Amino acid sequence: VSDALFTMTPQQFENRLEELQFVQPSHLEIACLHDDDDGAITELLASPIKDLISMDAYYSPYEKLQSILSVYQGVNASLSSALNKGNSGNASVLPSADDVLPTMILICIKAKPRTLLQNLVFIEQFALPEYLRGEAGYAYTNLYGAVQFLQDLKLDDDGHSTDGLSISREELKKNLANSRKRMESDTAGNAGQSTKEHRNPLVEGTGRAADFEFKISAQDVHAAHARGETVDIDWAAAQQKRQPQEPPT
């Protein structure tokens with residue numbers, strides 16, 4: 001993934017999402033959502049969670065952006081439902097930006113999309129400018145902001161940093177320890193299992209997905225559009241294979 005967009009590798013970001021599975025709405029100060037003790041919040045956010053996970057099913061920048069737009073619209077619908085619960089006969093209350101971005105962060109944590117960084121880089125490099133205008137562009141900006149928040153959190157082993165999370169040091173330390181213990185257990189249990197089902201056609205053969213970087217220029221993309229070619233993930237994979245991969249340093 002290009003260093004110009006993200007400081008974390010996809011594997012580091014995946015680990016970050018795993019260790020934050022304890023995060024609740026109160027930790028992100030989402031006033032209209034209650035903590036998920038009985039699964040109600042997960043059910044309320046089920047649609048945008050599903051839409052974020054489904055982004056891998058689409059291959060063109062436009063389709064991926066439409067998936068992100070569905071996530072954004074689903075977040076707004078879920079928040080509106082929570083805000084207007086029991087509000088019969090009164091004017092509907094609309095969610096504010098102060099609630100939308102934290103909820104996008106919560107969606108990322110709960111969905112745990114494996115290739116979110118790669119998808120955002122793909123959109124950034126290959127989407128036409130007009131695709132990133134309007135509501136779809138605003139949705140993309142919110143999701144990008146959510147990813148930046150998650151990767152910029154400073155979490156040390158002693159729970160000394162709670163910047164960005166409304167949580168005590170003691171609770172953070174305890175929850176991080178539990179999450180990391182579970183992650184170690186899951187890693188041990190999954191040792192030796194095939195990861196074939198998680199392969200991405202853009203990174204197959206490179207050896208290390210974390211070090212993958214697109215080698216296709218904007219001129220290549222514009223030239224392909226001029227020739228009437230469909231610029232999607234299959235096109236990018238074919239272009240990538242024509243260029244030798246440099247070994248990671």
Exercise. Show which lysines lie in cross-link reach of residue 64 when reach means a straight Cα distance below 24 angstrom and same-chain residues fewer than eight apart are skipped.
Key: 50, 110, 112, 196, 215, 241
Exercise. Read phi for every residue in the range 140-146 and hand back ³J(HN,Hα) as whole Hz from Karplus 6.51 cos²θ - 1.76 cosθ + 1.60, θ = phi - 60°, with x for Gly and Pro.
Key: 4, 4, 5, 5, 4, x, 5
Exercise. In whole Hz, with x marking every Gly and Pro, tabulate ³J(HN,Hα) for the range 103-108 from phi via Karplus 6.51 cos²θ - 1.76 cosθ + 1.60, θ = phi - 60°.
Key: 6, 4, 4, 4, 4, 4
Quiz item: Taking only C-alpha pairs under 8 Å that are 6+ residues apart, what is the relative contact order of the range 1-79 in percent?
Solution: 22
Quiz item: So what J values fall out for the range 77-85 if you push phi through Karplus, 6.51 cos²θ - 1.76 cosθ + 1.60 with θ = phi - 60°, rounded to Hz, Gly and Pro as x?
Solution: 5, 5, 5, 4, 4, 5, 5, 9, 5
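Taken together, the values in this text are just the output of simple stated rules run on the coordinates, not laboratory data. All of these numbers come straight from a predicted model, not from anything done at the bench.
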